[in-house]
Amino acid sequence: MSEFKRGKLIVIEGTDCSGKETQSKRLTERLLKMGKKAIQVSFPMYDTPTGKIIGGPCLGKKEISDCWFKEGALELDPKIACLYYAADRKYNIDKVLDYLNRGYDVIVDRYTSSNMAHQGSKITDPEQRFYMYQWIDKLEYWLLGLPKPDITIFLHVPYQNSLELKKNRLSLDEYEQSKTHQVQAEEAYQELSELYHWDTIECVENGTIKSIEEIHEEILQIIIKKEETK
């Protein structure tokens, strides 16, 4: 009788317009075609109670409601913002754990690492920003008991390249509209990738954005290589 294998938690992170959702879905479809059990989820889960709180009162997405915080999402204390995003993961994590325990690979579009990048980027002092990363790590993985990813893949699209991709978006929240935040978040993501040893994919080569299929193949090769070296 073969030993049961718990599924892997695979996180796809990335800068704005890097195609996190698209690549998460493509990877899930590819794994299914390869005969594996796989499912894709996204955080925040906007259709759940906690996700609706983030989408409306916190972010002020127009299709949900206006931001309740008079200072706006960008100026909201990063620790306060972190608690809402962490609460959404905690509220919904049983769905993820159920799939993992049934042997599914769960492909996650954004996770704790997004909290670290977007909220940590609000802190300009490097030492204090590092403490913020540690605070979020302790909050989500230790105090809330969320599972740590088995693999985190970071998709990097430089800010200037993201502007071209963003032209087709119909609506943008405060984070997406702010050049300052996007640049600082990009720097935070790169900093975190080095700190946590994420697998990084440069989505722009010689000034040209790689195709969806090229990036997908690079992601797949990372997954396969890690499986072979276990």
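Pick from 56, 72: which is over 26 Å from residue 219 (Cα atoms) and not in a loop (DSSP other than H, G, I, E, B)?
56
Tally up the residues in segment 98-133 that are more than 15 Å from the chain's Cα centre (by Cα), crowded, with 17+ Cβ neighbours inside 10 Å, more than 20 Å from residue 182 (Cβ to Cβ) and not acidic (Asp, Glu), please.
Residues flagged as more than 15 Å from the chain's Cα centre (by Cα), crowded, with 17+ Cβ neighbours inside 10 Å, more than 20 Å from residue 182 (Cβ to Cβ) and not acidic (Asp, Glu) within segment 98-133 amount to 3.
Filter segment 109-131 down to the residues that are aliphatic (A, V, I, L, M) and under 18 Å from residue 197 (Cα atoms) and list them by number. Can you show your working first?
Initial filter on segment 109-131 (aliphatic (A, V, I, L, M)): 116-117, 123.
Once the filter is applied, which keeps residues that are aliphatic (A, V, I, L, M) and under 18 Å from residue 197 (Cα atoms), segment 109-131 yields 116, 117.
In this structure, does residue 76 turn out to be touching a Phe, Trp or Tyr at 6+ places or on another chain (Cβ under 8 Å) and either among the acidic types (Asp, Glu) or free of Cβ contacts under 8 Å to residues at least 24 places away in the same chain (or both)?
Judged against the criteria, residue 76 is a match.
Can you tell me which residue within segment 46-87, out of those that are among the hydroxyl-bearing types (Ser, Thr, Tyr) and modelled with pLDDT of 85 or more, is farthest from residue 181 (Cα to Cα)?
Restricting to residues being among the hydroxyl-bearing types (Ser, Thr, Tyr) and modelled with pLDDT of 85 or more, the top hit is 48.
Quick grid of which residues meet (1) modelled with pLDDT of 95 or more; (2) of a type in the set (S, T, N, Q):
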position: 171; (1), (2): no, yes
position: 176; (1), (2): no, no
position: 179; (1), (2): no, no
position: 182; (1), (2): no, yes
position: 188; (1), (2): yes, no
position: 191; (1), (2): yes, no
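Across segment 140-155, which residue is farthest from residue 93 (Cα to Cα) among those that are surrounded by fewer than 19 Cβ atoms within 10 Å (Cβ to Cβ) and not basic (Lys, Arg)?
Checking each candidate, the answer is 151.
For residues in segment 186-220 being on the phi < 0 side of the Ramachandran plot and small (Gly, Ala, Ser), which is surrounded by the fewest Cβ atoms within 10 Å (Cβ to Cβ)?
For segment 186-220, the residue satisfying everything is 211.
When you go through (1) exposed (fewer than 15 other Cβ atoms within 10 Å of the Cβ); (2) within 23 Å of residue 128 (Cβ to Cβ) one by one for residue 183, which number turns out not to apply?
(1)
Got a number for residues in segment 75-93 being more than 18 Å from the chain's Cα centre (by Cα) and surrounded by fewer than 18 Cβ atoms within 10 Å (Cβ to Cβ)?
3
The values are calculated or read from the model by the stated rules, or taken from the named source; none is laboratory data. For clarity, every value in this text was computed on a predicted model and none was experimentally measured. Cβ sites come from the backbone with ideal geometry, for glycine too, and all protein chains shown count toward neighbours.
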